[in-house]
1. Calculate, for segment 264-320, the solvent-accessible area per residue in square angstrom, rolling a 1.4 angstrom probe over the heavy atoms of the protein chains.
2. Can you give the net charge of the other residues whose Cβ lies under 14 Å from the Cβ of residue 59, counting K and R as +1 and D and E as -1?
3. Where in segment 199-245 are there GluC sites (Glu not before Pro) that are in a DSSP coil and have at most 15 other Cβ atoms within 10 angstrom of their Cβ?
4. Give me the one-decimal nm value for the distance between modelled label points at residue 10 and residue 275, 7 Å along each residue's Cα-to-Cβ direction.
5. In segment 55-130, what chymotrypsin sites (Phe, Trp or Tyr not before Pro) fall in a loop by DSSP, with at most 12 other Cβ atoms inside 10 Å?
6. Using helices alone, I'd like the mean residue ellipticity at 222 nm for the chain: each DSSP H run of four-plus residues gives -39500 (n - 2.57), total over residue count, nearest 500.
7. Antiparallel versus total DSSP beta bridges in the chain: what percent is that, nearest 5?
8. How much accessible area per residue does segment 116-215 have, counting only protein heavy atoms and a probe of 1.4 Å, in square angstrom?
Amino acid sequence: MLGTILYGPRDVRCEEVPEPKIVNPTDAIIRLSATCICGSDLWPFRGLNDVKSPLAMGHEYCGIVEEVGSAVTTVRPGQFVVGSFCISDNTCPHCRFGFQSSCQQREFMTGAQAPLARVPLADGTLVATPELPPGDLIPSLLATSDVLGTGWYSADAARVRPGSTVVVVGDGAVGLMGVLAANQMGAGRVIAMSRHKTRQDLALEFGATDIVSERGDKGVARIKELTKGIGADSVLECVGTRESMTQAIQCARPGAMIGYVGVPHGVELDGQALFFSQTGMLGGPAPVRRFLPHLMDLVLGRKIEPGKVFDLTLPLADVAEGYRAMDERRAIKTLLRV
Ligand SMILES: [Zn+2]
């Protein structure tokens, strides 16, 4: 079959790879309905993470169960499933506390930019739909696997409540999903920080009430102006740079929570500034598995359409162009037909 392998900076290829097989009795093999490229895939693509050996790319997935190992009991061949990018048993103390992304048996999903993928710990990781979903819902169901689940977690971690004033830092796919999540959680005001027209438009479609196009100190000043000098109740940090993190902290009012889901690269925080900001921070890899059943219900009930975040669709064979388009910000997020 064809699969996606990253060999090094700017060198991602669609090539012949072996089909995945059941390795452990807790595994499942799924036939993907569609797959996609994640913003985090761009880090190794840009050479910002060391690539010591070729990487089988892809960790966002949904599809039909093809085969299960002998110990799998909750999913069966023929069912449509979605799983998180974090493999989890969903039974250990961390999973039971709602932090499946720190599961004691955690693995990170790989190899999903392909027609078939092996999902370890299938019982804990996969969630099946009651029946096969209509085809037009596939992009939105795929989005629940990571990008929506991560945006949702940032809003959950930032304790968005009905009526809250929320600032979203970052207009990538995750930030846009954070806007959608905050809106769903009943935020009174959702201020999206974005400089790009197409992303601003999508943010407004997902429920943003205000757009701030300034960045850094000017952006913070604008947020203060919009909130009568108070700042936001909740801030969603969806970038992961020193600038975005600083901006997030400075936009937050005392007592606010910041949900940070951008993987930090080169972020160092000043202890004194953090101390006097009186803000709480919760972040890390999103425990998407906690939210999956609810998010899948919202999609199946057509209450939300996170699949709109995909603004480029390509066949798997053109995966390299998908990476380039996202790297050059020509695309927000690329869906791959398999
Ligand atoms: Zn666990």
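The values are calculated or read from the model by the stated rules, or taken from the named source; none is laboratory data. Note that this is a predicted model, so its numbers are computed, not measured. All Cβ positions, even for glycine, are placed from backbone atoms using ideal geometry, and neighbour counts span all protein chains on display. Each accessible area value is taken on the protein alone, full model and side chains, heavy atoms only, with ligands, DNA and RNA left out. Shrake-Rupley method; radii C 1.70, N 1.55, O 1.52, S 1.80 Å.
1. Details: 3000 Å² over 57 residues.
Heavy-atom accessible area per residue stands at 53 Å².
2. On the way: positive: 106, 118, 289, 333; negative: 41, 60, 107, 146.
Here the charged neighbours net out to 0.
3. Working: sites: 205, 214, 225, 237, 243; in loops: 214.
Here the GluC sites (Glu not before Pro) that fit, given the DSSP loop and packing criteria, are 214.
4. 4.6
5. On the way: sites: 61, 80, 85, 97, 99, 108; in loops: 85, 97, 99.
Within segment 55-130, the qualifying chymotrypsin sites (Phe, Trp or Tyr not before Pro) (loop, at most 12 other Cβ atoms within 10 Å) are 97.
6. Details: 12 runs with 101 residues, N = 338.
The helix contribution divided over the chain gives -8000 deg cm²/dmol.
7. 55
8. Details: 3230 Å² over 100 residues.
Accessible area per residue: 32 Å².
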